[in-house]
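Trainee: Handing you a structure now.
Where a number appears in this text, it was derived from the coordinates with a stated rule and is not lab data. As the structure is a computational prediction, the values presented were derived from the model and not from experiment. As a convention, Cβ positions derive from the backbone with ideal geometry for all residues, glycine included, and neighbour counts pool all protein chains shown.
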Amino acid sequence: MRHFDVIILGAGASGLMCAAQLREKSSLKVALIEGNMKPALKLKASGGGKCNLTNVEVNASHFLGKESLVSHALGVFSKEALLRYFHNGGLRPVIRKERYYFCPKSSDEVISILLEKSRGSEMLMGHNIVSVEGNSPFIVTTDKAKFSASHVVVATGGASYKALGASDIGLKIAQEYGHSIIPFAPALVGLTLQPKEFWMKELSGVSVKARIMVAGKILDEDLLFAHKGISGPVVLSASLYWHRGEISINFCPDLDLKSLENEKKLLSTGLPLPKRFSKAFLEAIGLEDKPCNRLNVDERSKLSLIQNYKMAPSGTFGLTKAEVCRGGLACEELEPHTMQSTKVKGLYFIGETVDVTGELGGYNFQWAFSSAVVCATSVVNNNSIK
Ligand SMILES: Cc1cc2nc3c(=O)[nH]c(=O)nc-3n(C[C@H](O)[C@H](O)[C@H](O)COP(=O)(O)OP(=O)(O)OC[C@H]3O[C@@H](n4cnc5c(N)ncnc54)[C@H](O)[C@@H]3O)c2cc1C
């Protein structure tokens, strides 16, 4: 059986960054085990093929998960450090919508930098990981072979987009070692509608700039009406915080409703929204499309729903459409300064397998990369390496 100092399970975003860091900082014998024949398929598909790798504003408030764990990782490998790292590899990200850092050409730019920097690690592709057993050494079993390792880094990601190789093996391994897990659930995903809101389905393809309030969070971005329900960046981020119950949508966050009181135009024209939306909305709330300056007190109060429309989604578009999964290994069971299991020395969890999930906007790659850097640094510093 072949032995490695470190076996990284999964050659996705966090696994590749971990391998790259280990190569840079040590001469440890490292292997990456990956089910697909090519590495980082999710990274390749991300951001519409241009990978949104981080955000202008990065701090723990944009993540669901244990604050101290997230803050520490972001402190060790910040947005600035991430940008510097890829800049040194030749990447010149572009900022979109004043917030999001994207690759100028394609996600392949990020992948080639990571592959170049992790060169020297052994890439065991097309190996489906079946189990990890024991410790010192760990025995990793795939559908093709068995390997042993002094350290195992679980970087197998979340369970969404199975077509790209995703699985919940990371959580199974965690449970085998007695860890608590929060089951994976779809996040950064569209929300489906109760019959009361089916009028929105008629608006498929229409997009508005909206503000959503959910579980104490206020999120601003575009909302897109889709055939299945509501989607678009603001809804995807809201889905991270929505479990069940009501959300409130402000379809006109920049409008002062008082400014309409002297407006002679019809509501559907006076409201700064796509006319198709305004008409459907007025019909849904039972308000006649009349001149804005002719509304009585009751009608004005009804119109105010446009800035506080409460609705309870019926569910999500599901795991096949979710960009990430909420849930993962319980944060409390990882040492925040190392990403090492509190139960098993030498066993590490990084990226989406951990119960940390970011909003839409590059936060999930930031987490994948930051947690990988913390882990690799700790593996290198760990005196017990033989
Ligand atoms: C369509 C899409 C677009 C996205 N866009 C963005 C974006 O623009 N910005 C952003 O921040 N985030 C984005 N994300 C989320 C981001 O891709 C993930 O959060 C990130 O890739 C997680 O990194 P990871 O290393 O934890 O897991 P992954 O990158 O998913 O890597 C896990 C690896 O483990 C392998 N694996 C899993 N199970 C097994 C097994 N049993 N045997 C062998 N190998 C296995 C997988 O094949 C995969 O290669 C997007 C996700 C999707 C699906």
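Trainee: Give the percent of DSSP beta bridges with both residues in the chain that are antiparallel, rounded to the nearest 5.
Mentor: Counting DSSP beta bridges with both partners in the chain, the antiparallel share is about 70 percent.
Trainee: Just report the Cα centroid separation between the range 13-47 and the range 249-316, whole Å.
Mentor: Cα centroid of the range 13-47 versus Cα centroid of the range 249-316: 50 Å apart.
Trainee: Describe numerically, in nm with one decimal, the distance between label points set 7 Å from Cα along Cα→Cβ at residue 162 and at residue 56.
Mentor: 4.0 nm
Trainee: Can you give the Rg/Rh ratio of the range 191-316, where Rg is from the C-alpha atoms and Rh is the Kirkwood radius?
Mentor: Reported Rg/Rh, Kirkwood definition of Rh: 0.96.
Trainee: Return the whole-Å distance between the Cα centroid of the range 319-386 and the Cα centroid of the range 86-133.
Mentor: Computed from Cα coordinates, the inter-centre distance equals 17 Å.
Trainee: Starting from the Cα-Cα distance between residue 198 and residue 87, subtract it from 0.36 nm times their residue separation and give me the gain in nm to one decimal.
Mentor: 35.3 nm
Trainee: On a full-extension model of 0.36 nm per residue, what is the gain between residue 264 and residue 172, subtracting their alpha-carbon distance, rounded to one decimal in nm? Kindly include the intermediate steps, with their values, before the conclusion.
Mentor: Values: separation 92, 0.36 × 92 = 33.12 nm, distance 6.33 nm.
In short, 26.8 nm is gained.
Trainee: By average Cβ neighbour count within 10 Å, what is the ranking of 55-62, 237-244 from highest down? Each step should come with its number before you reach the end.
Mentor: On the way: 55-62: 16.5, 237-244: 20.6.
Answer by packing, highest mean first, reads 237-244, 55-62.
Trainee: Still on this model: Could you check which residue among 298, 108, 168 shows the biggest mean-square fluctuation in a GNM of the chain with a 10 Å Cα cutoff?
Mentor: Of 298, 108, 168, the most mobile in the Gaussian network model is 298.
Trainee: Follow-up. Against the longest principal axis of the chain, how steep is helix 79-88, in degrees 0 to 90 to the nearest 10, with axes from Cα atoms?
Mentor: 60 degrees
Trainee: Amide H neighbours of residue 204 under 5 Å, counting only residues 5+ apart in sequence or on other chains, H built in-plane at 1.01 Å?
Mentor: Residues meeting the criterion, in which the H sits 1.01 Å from N, do not exist here.
Trainee: Roughly speaking, what % of Cα-Cα pairs in the chain are separated by over 27 Å, rounded to a whole number?
Mentor: 51 percent
Trainee: Additional query: Highest GNM mean-square fluctuation, the chain, Cα pairs closer than 10 Å: which of 351, 232, 170?
Mentor: 232
Trainee: State, in angstrom, two size descriptors of the range 303-386 derived from its alpha carbons: Rg to one decimal place and Dmax to the nearest whole number.
Mentor: 18.3, 70
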